[in-house]
Amino acid sequence: MKKLLTLTLLALVAAVAHAQETKVAIGLSGWTGFAPLTLAKEAGIFKKHGLDVTLRKIPQKDRHLAIASGDVQCAATTVETWIVWNANGVATTQIFQLDKSYGADGMVVKGDIGKIGDLKGKTIAASAPGTAPYFTMAWMLKKNGLSPKDVKVVNLEPQAAANAIIAGTAGLDAAMTYEPYLSAVRAKPEAGKIIATTLDYPMVMDTFGCTPKFLAENPKAGKALADSYFEAVEMVRRDPKKSFEIMGADVKQTAEQFEASQKYLRWQDRESNLKFFAGEHAAFSKEAAELLLEAGVIKQIPDLAKLADTRFLK
């Protein structure tokens, strides 16, 4: 009888603990930079911090629609994308930085193109306006005295864009892509070359954010999400083999393949986050917003002061 009572009490405690877990759905893609979120789920880190997390793979161009509809409460995407979402009426706030690209995103060109300035009047393959590849193209062009209006843009997703360059598709002079498709071009120098990456233009960085409504109603969850991410990044440092296995499995890569792909980016720990949000985030957001406005991606700049909520970092 005593044993039965003990088991019953334990079951009740477990049920209460489970009921207290905050449910949160997160929109993301299989991009290597987001992988610690998968690790946090699969390794039980989110659960340990009182979160019942659902990860949903949603294309970047549709992620804001999932937030607007309430299908997801949080998402992972590039810093400038939050500007586009807020400018289009989808209120969201970034709460921590995920990663920075160190050569994982780039522009590939056919052999007769010597420099970015040579692309005036040429054709570039890139994802649709409002996506990271399109923004990367606009950023690189601007740094070389051009704009998207000076080129012809053909909308192709990163894998298709890289394949088009490798195949020597007629009428295409350049393409915007990222890893692992960037390495596919690197492996075929006779087909094309990488003319610039985020090593040359360090402007691709990802952050995690949620709706202000979710954060207002679940402030402890905001803190738990940040703490979980930082714990996952620490797990990668402490136990890389197991971490790479877990994260690689999500994108159908071996631990060795995943390890190779992550060399082109840096996941950001708590200390790096505090430094980033102390000034770099605001400065980049201002420059990015002006470029998005100039390129016609947004019609007005949203309130940039509302784009980040740093209270969950400490």
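What the table shows:
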{"quantity": "Per-residue ³J(HN,Hα) for region 113-120, Karplus 6.51 cos²θ - 1.76 cosθ + 1.60, θ = phi - 60°, Hz, x for Gly and Pro", "calculated": "8, x, 8, 4, x, 6, 7, 4"}
{"quantity": "Within-10-Å neighbourhood charge of ASP118 [Cβ basis; K, R +1; D, E -1]", "calculated": "+1"}
{"quantity": "Packing-based ranking, highest mean first, of 30-43, 165-178, 115-128 given that Cβ atoms within 10 Å are counted", "calculated": "30-43, 165-178, 115-128"}
{"quantity": "³J(HN,Hα), Karplus 6.51/-1.76/1.60, whole Hz, each residue of region 225-235, x for Gly, Pro", "calculated": "5, 5, 4, 5, 5, 5, 5, 5, 4, 5, 5"}
{"quantity": "For region 135-145, 3J(HN,Hα) per residue [Karplus equation, 6.51 cos²θ - 1.76 cosθ + 1.60, θ = phi - 60°, Hz, x = Gly/Pro]", "calculated": "5, 4, 4, 4, 5, 5, 4, 4, 5, 10, x"}
{"quantity": "Space enclosed by the convex hull of the alpha-carbon atoms of region 198-261, per residue, Å³", "calculated": "124 Å³"}
{"quantity": "Other-chain or far-sequence residues with amide H under 5 Å of ILE298's (modelled H)", "calculated": "LEU293"}
{"quantity": "For region 194-314, convex hull of alpha carbons as volume per residue, Å³", "calculated": "158 Å³"}
{"quantity": "Answer label, with volume of the Cα convex hull per residue in Å³ calculated from the coordinates and candidates (1) 150; (2) 137; (3) 160", "calculated": "(2)"}
{"quantity": "Dipole of region 209-314, positive direction: furthest Cα of GLY222, GLY279, GLY296, with charges on the beta-carbon", "calculated": "GLY222"}
{"quantity": "LEU265 long-range amide H proximity, modeled H, under 5 Å", "calculated": "TYR102"}
{"quantity": "Cβ-derived FRET efficiency at R0 22 Å, GLN159 paired with LYS263, nearest 0.05", "calculated": "0.65"}
{"quantity": "Segment ASP118-LEU199, extension gain: residue separation times 0.36 nm, minus the distance between their alpha carbons", "calculated": "27.1 nm"}
{"quantity": "Whole-Å semi-axes of region 119-223's equivalent ellipsoid (Cα gyration tensor)", "calculated": "32, 16, 13"}
{"quantity": "Contact order relative to length of region 34-148, as percent, for alpha carbon pairs under 8 angstrom and 6 or more apart", "calculated": "20 percent"}
{"quantity": "Percent of beta bridges antiparallel (DSSP, the chain, rounded to nearest 5)", "calculated": "60 percent"}
{"quantity": "Size of electric dipole in the chain: Cβ of Lys, Arg +1 and of Asp, Glu -1, about Cα centre, debye, nearest 20", "calculated": "460 debye"}
{"quantity": "Helix-only [θ]222 nm of the chain, DSSP H runs n ≥ 4, -39500 (n - 2.57) each, per residue, nearest 500", "calculated": "-13000 deg cm²/dmol"}
{"quantity": "Sequence-distant residues sharing a close amide H with PHE96 (under 5 Å, placed H)", "calculated": "PHE208"}
{"quantity": "Volume of the Cα convex hull of region 34-78, divided per residue and given in Å³", "calculated": "76 Å³"}
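Values quoted throughout were computed directly from the atomic coordinates according to the rules given, and no laboratory measurement underlies them. What you see is a predicted model, and the numbers here were worked out from it, not measured in a lab. In this analysis, Cβ positions are derived from the backbone assuming ideal geometry, glycine residues included, and neighbour counts consider all displayed protein chains.
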